[in-house]
Amino acid sequence: MLLGPALTVSGVLFALGVLGVLLRRNAIVIFMCVELMLNAANLAFVAFAQQLGVAGQIFVFFVMAVAAAEAAVGLAIILAVYRHRHTVDLQNINLLKG
Amino acid sequence: MIPLPPLPLALLWVVPALPLAGFVVNGALALAAPRAKRAVSITGVGALVLAFAAAALAVVELAQLHPSAPLVFRYWEWLPVGDLQVALALQLDQLSAVMILVVTGVGALIHVFSVGYMHDDPGYARYFAYLNLFVFFMLTLVLGASFPVMFVGWEGVGLCSYLLIGFWFTEKINADAGKKAFIVNRIGDFGFLVAMLLIFRHTGSLDFGVVFPKASAAFAVGGPVVTAITLFLFLGCTGKSAQIPLYIWLPDAMQGPTPVSALIHAATMVTAGVYLVARCGALFALSPVASATVAGVGALTALFAATIALKQWDIKRVLAYSTVSQLGYMFLGVGTGAYAAGIFHLTTHAFFKALLFLGSGSVIHAMHRAYHATHAHEDAQDMRNMGGLARYMPWTAALMWIATLAIAGIPPLAGFFSKDEILGAAFARGAVRPAWYVFWGMGLAAALLTAFYMTRLMLYTFHGPNRTGDREREQLHEAPPVMTGPLVALGALTVLGGALNIPPLFGGGARLEHWLAPVTDAAFTPAPDASPATEWVLVVSAVLVAAVGMVGAFRLLKPEALAPARLAPPERGLGRLLWKKWYVDELYDAIVVRPVLWLSREVLWKIVDMRLVDGLLVNGTAAASRALGWVGSRLQTGEVGVYVVLFVVGVLAVLGAVVR
Amino acid sequence: MDGTRILFDGFALLAMGSAGLCITRRNPVASALWLVVTLFALAALFVLLDAQFIAVLQVLVYAGAIMVLFLFVIMLLNLGRAAPTDLKGPLGLGVGVLLAGLLLVQLLVLRQAGPATGGAARATVEQGIIPTVARPLFTAYLVPFEITSLLLLAAIVGAVVLAKRKL
């Protein structure tokens, strides 16, 4: 029975991803931390799938597709931002200031 | 079960539909081709003539059937709401038959007259569109088979009255007169509405065919409910038919074109109140208080308006107050329970008052053209600027004399019979209820004044020296045949109209009374018949009074001494009081208009609207939104890091809620 | 403690450790590479959890394609050296650790409250073989699967539009 340990690992990885998002200022690294969180969720899905049926794995499949699309668009956005501001440091990007 | 009516009756809807079609066509012409006067005339007059023909056919059919109950034609369901079932239905009975003949007949003559009178007006098409629309609504009013349908017509004629009084709306005084008429009528309409709601509350229906047969079972005689209903209905009548205390709009309504005054403000619309009381006779019969109120207000109005008419100089205003006064007679009649007499006077009055108005229109038309030709800016309606017009307008003068004799009550003209019948009925009622002796006395006094002021009008207008002006005098001419034609027709009706209902006293058959019997019998409260001797005394006294009025006017008034309007000295004493119309307008202004204006300006506008609505609600909302937005904008730092922190805090909160 | 469990714990520690390194390395390239290690370790965990097909996809799509894309962008933008300001200051560190710690606690609490699990599913499904994933994917989940293709198409178009200098 690996469900319990897998969920613990999933939780730790997710918290690490959040920590990374909170700590880092480089947009690309933050992005990678988001991917880390997605993977933590995937791990939980797979762990549950072992017990409750294959639907969890199929959901992971969709998560991966979404992650791929997100990576493509997200990185394109970062490229576009970099082209305008010559930085990917999020502290210097505050055009949405109210 | 009433057998299926023959063809012309089934086509009853055509009667109101024709003027409506005329309105649509003329309205379209007014917008698209306002100069197509020939098409407008053919449409406008044609619609009325055809409507009169259709109405006549329907009435002929009705006369052959002579049913004891109204013929009701339901066309479609209009307001099927729970217990309230209102159909768009028309009904024809002996009473509405008289009314549609008067409306379409007199209406057609006045339309013809208008062709000449309004010929040079730029709003010609618009005028005929309104006039057709008015006739449509008036026919809806008299043909409606239920209170709501009647109310549609009631409101519709009010609207057309407003539109036509303010027809020359570019001058403020005309627009104001229109507004005054409309607003005063609203007060009356409120009464009508309340009465309708009360009727529905207590009988569960608004159809005439249900309410009236039920009335005697649903209401106790003299009970508070039926008294309230009838008094509220009568409030509606005082608005529409210009009785005390709501008569004030009618004299101002003379700002409209003169044929409009003849059609709407003399012959038809203002008689709607009389029609309403006659229609609801079954209700009024149950309330002695309301009947006495109707008769009393009618008698008082007849006398009061007649006094004002004594000192007016505007020819149309004299006629306006005369109309108010004559309407008072009609209410005296229907309030007495003599519905046939009231409707009879309504009919004859439609003839001779329309004739008087159209005659005055002919005079004004001539005066206006004369002043227009010389570019003088004098009042074309002031009798002090007239005088001696009989020399220039013999037809008009002769016909107006006929109408004057009729309204004064000189036999054997129409007005004599109808007025005499009302006074006779009132006197007879006095034997049961002495108050009616007072009403009769007031009516008789009003008859004296009527004879006096009408003779005064004729003397100052058509006799004595001419005061129009030397250059203008050459421009005075008789009106064209298209205008004198209707005058002649109305003159004939004025002479012969009395034959409709010659009382048995003079060997007549009282035909109108018998004709109306199916409608009025239900409501009729028989008065003790006066002996023939008493009746003869009454008749002779009425004629004597009229004769005294006329002779007195001839003896007392000196047309030779009159000065033109711009040179006339101010009035003094009682004359000034009458000339100023007993200062009633000023009184209403002080006790109603000014307080309402003050309330509107100082409280509703400056406090409620400016402070409460604008200040607190509108600006307050804006300020609150702005403050909230300012707080929100502080949160929008543009720093993604801050957003992430807030986001995670939110996630924690949600998770916390789930975990717990 | 059986061999599977030992392997699982080992890969789990590897995944967590490399994830920790990933979020603390100042050099983005180093971060990316540590993330790749995490992903590989997760792939191994997937195998241990009887999800071989997903494990292969993890290696191919995540470690192979997506992370290469990340590295490619990092190098394209010439960010391949440590930036002194890449980590936030002590305040940011404190807030971050606090929030992430709270989140971890909550997740672990949530884990305790997780549903009671049974071994029934395991017996009915032939685990890890491609058809067991593929059959539901092309029957019950066919419509979402097809919609995924639209999503990817939209992503392609969006990426081209965003990254192109001028259209």
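The values are calculated or read from the model by the stated rules, or taken from the named source; none is laboratory data. Quantities reported herein were computed from a predicted structural model and do not represent experimental measurements. Note that each Cβ is placed from the backbone with ideal geometry, even for glycine, and that neighbours are counted across all protein chains shown.
All but one of (1) surrounded by fewer than 16 Cβ atoms within 10 Å (Cβ to Cβ); (2) among the small types (Gly, Ala, Ser); (3) at pLDDT 90 or above hold for B:Ala69; which doesn't?
Among (1) surrounded by fewer than 16 Cβ atoms within 10 Å (Cβ to Cβ); (2) among the small types (Gly, Ala, Ser); (3) at pLDDT 90 or above, B:Ala69 violates only (3).
For segment C:98-124, which positions are within 7 Å of another protein chain (Cβ to nearest Cβ) and modelled with pLDDT of 80 or more?
C:Leu99, C:Ala100, C:Leu102, C:Leu103, C:Leu104, C:Gln106, C:Leu107, C:Leu108, C:Val109
Report, ordered by the first and then the second residue, all pairs with beta carbons closer than 6 Å, sequence separation of six or more or different chains, a first member in segment B:160-184 that is hydrophobic (A, V, I, L, M, F, W, C), and a second member that is outside any helix (DSSP H, G or I) and surrounded by 16 or more Cβ atoms within 10 Å (Cβ to Cβ).
B:Leu164/B:Gly256; B:Ile165/B:Gly256; B:Phe167/B:Gly256; B:Phe167/B:Pro257; B:Ala175/B:Gly166; B:Val184/B:Leu246
Of the residues B:Phe212, B:Phe190, B:Phe182, which single one is surrounded by fewer than 16 Cβ atoms within 10 Å (Cβ to Cβ) and either assigned to a helix (DSSP H, G or I) or at negative phi (or both)?
B:Phe190
For segment A:27-55, which residues satisfy the criterion of being over 18 Å from the mean Cα position of the chain (by Cα) and either assigned to a helix (DSSP H, G or I) or modelled with pLDDT of 95 or more (or both)?
Once the filter is applied, which keeps residues that are over 18 Å from the mean Cα position of the chain (by Cα) and either assigned to a helix (DSSP H, G or I) or modelled with pLDDT of 95 or more (or both), segment A:27-55 yields A:Ala47, A:Phe48, A:Ala49, A:Gln50, A:Gln51, A:Leu52, A:Ala55.
Only one of B:Leu159, B:Leu163, B:Leu141, B:Leu109 is assigned to a helix (DSSP H, G or I), surrounded by 24 or more Cβ atoms within 10 Å (Cβ to Cβ) and within 15 Å of the chain's Cα centre (by Cα). Can you tell me which?
B:Leu141
Looking at segment B:555-621, what helices (runs of 4 or more DSSP H) fall wholly within it and have at least 3 residues that are of a type outside the set (A, V, I, L, M) and without any contact (Cβ under 8 Å) to a residue 40 or more places away in the chain?
Answer list for segment B:555-621: B:594-598.
Report, by residue number, each residue of segment B:193-209 that is in a helix (DSSP H, G or I) and among the hydrophobic types (A, V, I, L, M, F, W, C).
If the condition is that a residue be in a helix (DSSP H, G or I) and among the hydrophobic types (A, V, I, L, M, F, W, C), then B:Leu193, B:Val194, B:Ala195, B:Met196, B:Leu197, B:Leu198, B:Ile199, B:Phe200, B:Phe208 are the ones that fit.
Sort through B:Ser362, B:Ser418 and tell me the only one that's over 19 Å from B:Ala302 (Cβ atoms) and buried (at least 24 other Cβ atoms within 10 Å of the Cβ). Spell out the reasoning first.
Working: B:Ser418 fails: over 19 Å from B:Ala302 (Cβ atoms).
Going through B:Ser362, B:Ser418 in turn, the sole match is B:Ser362.
Go through segment A:35-54 and report how many residues are among the hydrophobic types (A, V, I, L, M, F, W, C) and within 7 Å of another protein chain (Cβ to nearest Cβ).
The qualifying residues number 7.
Polar (S, T, N, Q), surrounded by fewer than 22 Cβ atoms within 10 Å (Cβ to Cβ), more than 14 Å from chain B (Cβ to nearest Cβ) and touching a residue at least 12 places away in the same chain (Cβ under 8 Å): is that true of A:Gln91 in this structure?
no
Just to be sure I understand the filter: pairs with C-beta atoms under 7 Å, separated by 6 or more residues or on different chains, first member in segment B:362-391 and assigned to a loop (DSSP other than H, G, I, E, B), second member among the polar types (S, T, N, Q). Which pairs pass?
B:Glu378/B:Asn385; B:Asp379/B:Asn385; B:Met386/B:Thr461; B:Met386/B:Thr468; B:Gly387/B:Asn466; B:Gly388/B:Asn466
Does B:Gly507 satisfy being at pLDDT 85 or above and over 30 Å from B:Asp379 (Cα atoms)?
In short, no.
Which numbered condition trips up B:Leu62, out of (1) crowded, with 19+ Cβ neighbours inside 10 Å; (2) under 24 Å from B:His345 (Cα atoms); (3) within 22 Å of the chain's Cα centre (by Cα); (4) among the hydrophobic types (A, V, I, L, M, F, W, C)?
B:Leu62 satisfies all of (1) crowded, with 19+ Cβ neighbours inside 10 Å; (2) under 24 Å from B:His345 (Cα atoms); (3) within 22 Å of the chain's Cα centre (by Cα); (4) among the hydrophobic types (A, V, I, L, M, F, W, C) except (3).
Within segment B:459-491, which residues are at positive phi and basic (Lys, Arg)?
none
Can you name the residue in segment B:380-392 that is of a type in the set (A, V, I, L, M) and surrounded by 24 or more Cβ atoms within 10 Å (Cβ to Cβ) and, of all such residues, is nearest to B:Leu319 (Cα to Cα)?
The residue in question is B:Met383.
Please verify whether C:Leu162 is more than 8 Å from chain A (Cβ to nearest Cβ), out of contact with any Ser or Thr (no Cβ under 8 Å at 6 or more places or on another chain), not in a loop (DSSP other than H, G, I, E, B) and not charged (D, E, K, R), treating the condition exactly as stated. Explain how you work it out, then say what you get.
Details: more than 8 Å from chain A (Cβ to nearest Cβ): no; out of contact with any Ser or Thr (no Cβ under 8 Å at 6 or more places or on another chain): yes; not in a loop (DSSP other than H, G, I, E, B): yes; not charged (D, E, K, R): yes.
Criteria not met by C:Leu162.
Among the residues that make up segment B:416-432, is at least one of them closer than 30 Å to B:Gly469 by Cα and not aliphatic (A, V, I, L, M)?
no
Just for segment B:618-660: of the residues that are modelled with pLDDT under 90 and among the polar types (S, T, N, Q), which one is surrounded by the fewest Cβ atoms within 10 Å (Cβ to Cβ)?
My answer is B:Ser633.
For segment B:226-264, what are the residues that are assigned to a helix (DSSP H, G or I) and either among the small types (Gly, Ala, Ser) or closer than 16 Å to B:Asp176 by Cβ (or both)? Reasoning before the result, please.
The initial filter retains those residues of segment B:226-264 that are assigned to a helix (DSSP H, G or I), namely B:226-240, B:249-255, B:258-264.
Across segment B:226-264, the qualifying residues are B:Ala228, B:Gly236, B:Gly239, B:Trp249, B:Leu250, B:Pro251, B:Asp252, B:Ala253, B:Met254, B:Gln255, B:Ser261, B:Ala262.
Conditions: (1) crowded, with 22+ Cβ neighbours inside 10 Å; (2) facing another protein chain (nearest Cβ under 7 Å); (3) within 20 Å of C:Leu60 (Cβ to Cβ). A:Ala67 meets all but one. Number of the miss?
Status for A:Ala67: all satisfied but (1).
Go through segment A:1-26 residue by residue and tally those that are more than 7 Å from chain C (Cβ to nearest Cβ) and either at pLDDT 90 or above or crowded, with 23+ Cβ neighbours inside 10 Å (or both).
The qualifying residues number 3.
Right, A:Ile77: assigned to a helix (DSSP H, G or I) and under 13 Å from the mean Cα position of the chain (by Cα) or not?
no
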